[in-house]
1. Just to verify a result, which residue in segment 129-146, among those that are within 16 Å of the chain's Cα centre (by Cα) and outside any helix (DSSP H, G or I), is nearest to Leu169 (Cα to Cα)?
2. Among Ala346, Ala282, which is more than 16 Å from ligand 2 (Cβ to nearest atom), among the small types (Gly, Ala, Ser) and either outside any helix (DSSP H, G or I) or assigned by TED's automatic domain parsing to the domain that holds Ser250 (or both)?
3. Could you tell me which numbered condition Gly254 fails, if it satisfies all but one of (1) part of a loop (DSSP other than H, G, I, E, B); (2) under 29 Å from Glu115 (Cβ atoms); (3) not basic (Lys, Arg)?
4. Determine whether segment 334-356 contains at least one residue that is surrounded by fewer than 19 Cβ atoms within 10 Å (Cβ to Cβ), acidic (Asp, Glu) and at pLDDT 95 or above.
5. Take segment 306-327 and flag every residue that is farther than 19 Å from Lys62 by Cβ and more than 16 Å from the chain's Cα centre (by Cα).
6. Quick one: would you say Lys297 is at pLDDT 90 or above and touching a Pro at 6+ places or on another chain (Cβ under 9 Å)?
7. Scan Leu143, Leu208, Leu198 and give me the residue that is crowded, with 16+ Cβ neighbours inside 10 Å and either of a type in the set (A, V, I, L, M, F, W, C) or within 25 Å of Leu436 (Cβ to Cβ) (or both).
8. Count, please, the residues in segment 390-409 that happen to be in contact with a Pro (Cβ under 7 Å, 6 or more places away or on another chain) and crowded, with 16+ Cβ neighbours inside 10 Å.
Amino acid sequence: MADKTGFIQTIQNGYTFKGDSITIGMPVWNEEVIQESPVRVPLSTFNRHGLIAGATGTGKTKTLQGLAEQLSKKGVSVLLMDIKGDLSGIAVPGESNPKIEDRHKLLGLKWEPIENNAEFLSISDEPGTRMRATVSEFGPVLLSRILELNDVQSGTISLLFKYSDDNKLPLLDITDLRKTLQYMSQEGKDEIEKNYGLVSTTSVGAILRNIIRIEEQGASKFFGEPSFDIDDLIRLDNQGRGMVNVVRLSDVQGKPQLFSTFMLCLLAEIYATMPERGDMDAPELVIFMDEAHLIFKDATKELLNQIETMVKLIRSKGVGLFFITQNPSDIPDEVLGQLGFKLQHALRAFTAKDRKDIEKAAENYPISEYYDTENLITQLGIGEALVTVLNEKGVPTPLVHTMLCAPGSRMDVLTADELEKTIRKSTIAQKYENELDRESASEILAKKIEELHQSQQETEDENPKPGGREEKSFVEKAISSSVGRTVVRELTRGLLGVLGLNSTRKRRKNSLF
Ligand SMILES: Nc1ncnc2c1ncn2[C@@H]1O[C@H](COP(=O)(O)OP(=O)(O)OP(=O)(O)O)[C@@H](O)[C@H]1O
Ligand SMILES: [Mg+2]
């Protein structure tokens with residue numbers, strides 16, 4: 001029954017929920033905005049993940065801005081990956097303008113400025129609270145990815161992690177990584193080959209060269225201690241608003257490997273750190289990843305499998321992942337199949353491939369008796385989208401052409417002054433300001449090498465027969481040192497590091513200091 005009454009009935013039935021929800025806009029049918037049946041998203045299904053897709057300039061970033069601030073208002077913390085640097089405006093209330101007025105008149109909704117509590121985070125030279133991770137936490141899989149290693153070289157990295165784990169060598173920063181690699185191919189080669197198998201000097205050489213490359217991209221800023229405590233992302237302010245965390249990544253957008261690996265590391269950390277929850281009325285944290293195609297670009301099969309597993313499992317921890325990208329085909333099918341919330345902005349058909357992609361994108365949405373989906377996708381205006389979400393029973397809601405609300409925070413960037421002011425307000429920045437430099441692999445190995453030389457000297461002096469006790473005394477020494485003890489716990493890594501070993505990681509809060 002494709003008439004207006006039938007349409008309104010369908011939308012009202014589909015988008016009315018028992019629990020709390022967020023209103024994102026009003027339905028459109030036959031070019032008319034229908035004000036009596038808002039399009040809502042139930043809070044309880046935000047951990048069922050989402051997709052925001054659409055051609056450039058169609059409104060993806062503003063949509064994520066709007067969702068993020070509404071979630072924050074409901075006491076849910078959010079984490080935004082600001083790749084283009086166009087999300088900083090979320091830190092200040094917006095100002096009305098004729099365009100916003102017109103839009104909200106059409107919607108029949110009052111537009112109100114929204115003040116968010118924002119925290120700017122940084123992994124690079126961008127100003128903001130410093131996020132770091134140790135090489136150990138990063139794990140062999142991600143490290144191989146960031147270094148763009150082949151299988152043989154990745155094998156060498158796995159060996160390095162195994163050796164460091166067994167010998168309680170804390171891999172904190174890039175210096176530790178480099179030192180341990182050098183040790184593996186020089187002084188420690190015999191010892192390691194005896195216990196672990198061949199060490200390819202060529203691989204080690206290639207890895208060392210790639211380390212220089214990522215250092216040039218600024219990776220040394222990111223590796224080290226104190227590593228970022230995931231609990232700091234999930235905070236409520238005194239007004240009950242969830243924290244709006246914005247990771248400023250605009251200066252790493254030209255370095256996809258660094259950026260995407262960072263993103264995966266963060267996800268793995270969040271996954272490993274957050275406790276298991278049952279069904280919840282609202283999520284704990286929702287993560288919005290703009291330019292999500294970068295995560296999947298050039299990903300190995302192994303990595304893709306791990307991402308897929310993580311997307312499946314992280315849901316039960318109350319974490320929702322929202323992927324923002326131009327075309328749904330940027331996301332692997334296995335991941336796409338896990339996304340309950342789908343919001344499709346306009347796609348443009350310039351080429352034959354575009355038309356194929358649009359056809360495929362349309363198939364991604366529930367069949368509608370009210371819309372010709374494939375055609376409509378190309379006709380949507382800016383800030384309009386085709387929407388389907390999961391209802392509280394986990395069933396997809398009917399597809400609805402939605403005119404979206406305008407964000408209540410500023411739709412433009414902050415000035416340098418405003419940015420600085422927001423950063424100065426941070427209550428956690430100080431905790432991460434200064435890099436720690438405690439004893440780690442590089443120092444321990446340096447000592448060991450010295451010992452080796454000394455004992456060699458002694459054996460040569462006393463007795464020409466080589467002794468075989470050094471490695472044991474070294475291990476004993478490492479275990480008995482204070483670093484050795486604290487590090488045992490830290491060397492168990494997050495999902496992307498040791499998924500296969502099924503290791504669980506202690507909450508870092510308890511183990512770091
Ligand atoms: N919900 C909305 N309300 C009001 N204006 C909007 C809305 N969505 C988009 N716009 C307008 O469209 C412009 C482009 O939106 P936006 O930056 O979100 O596009 P995008 O899809 O993220 O583009 P890109 O792919 O280039 O990043 C905004 O600057 C704003 O003027
Ligand atoms: Mg954008």
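The values are calculated or read from the model by the stated rules, or taken from the named source; none is laboratory data. From a predicted model like this one, the values you see are computed outputs, not experimental measurements. Quick reminder, even Gly has a Cβ in these numbers, built from the backbone with ideal geometry, and neighbours come from all protein chains shown.
1. Looking at residues that are within 16 Å of the chain's Cα centre (by Cα) and outside any helix (DSSP H, G or I), I get Ala133.
2. Numbers: Ala346 fails: more than 16 Å from ligand 2 (Cβ to nearest atom).
Residue meeting the stated conditions: Ala282.
3. Unmet condition: (2).
4. No, segment 334-356 contains no residue that is surrounded by fewer than 19 Cβ atoms within 10 Å (Cβ to Cβ), acidic (Asp, Glu) and at pLDDT 95 or above.
5. Scanning segment 306-327 gives a single hit, Ser316.
6. On the way: at pLDDT 90 or above: no; touching a Pro at 6+ places or on another chain (Cβ under 9 Å): yes.
No, not satisfied.
7. Leu143
8. Counting residues in segment 390-409 that are in contact with a Pro (Cβ under 7 Å, 6 or more places away or on another chain) and crowded, with 16+ Cβ neighbours inside 10 Å gives 9.
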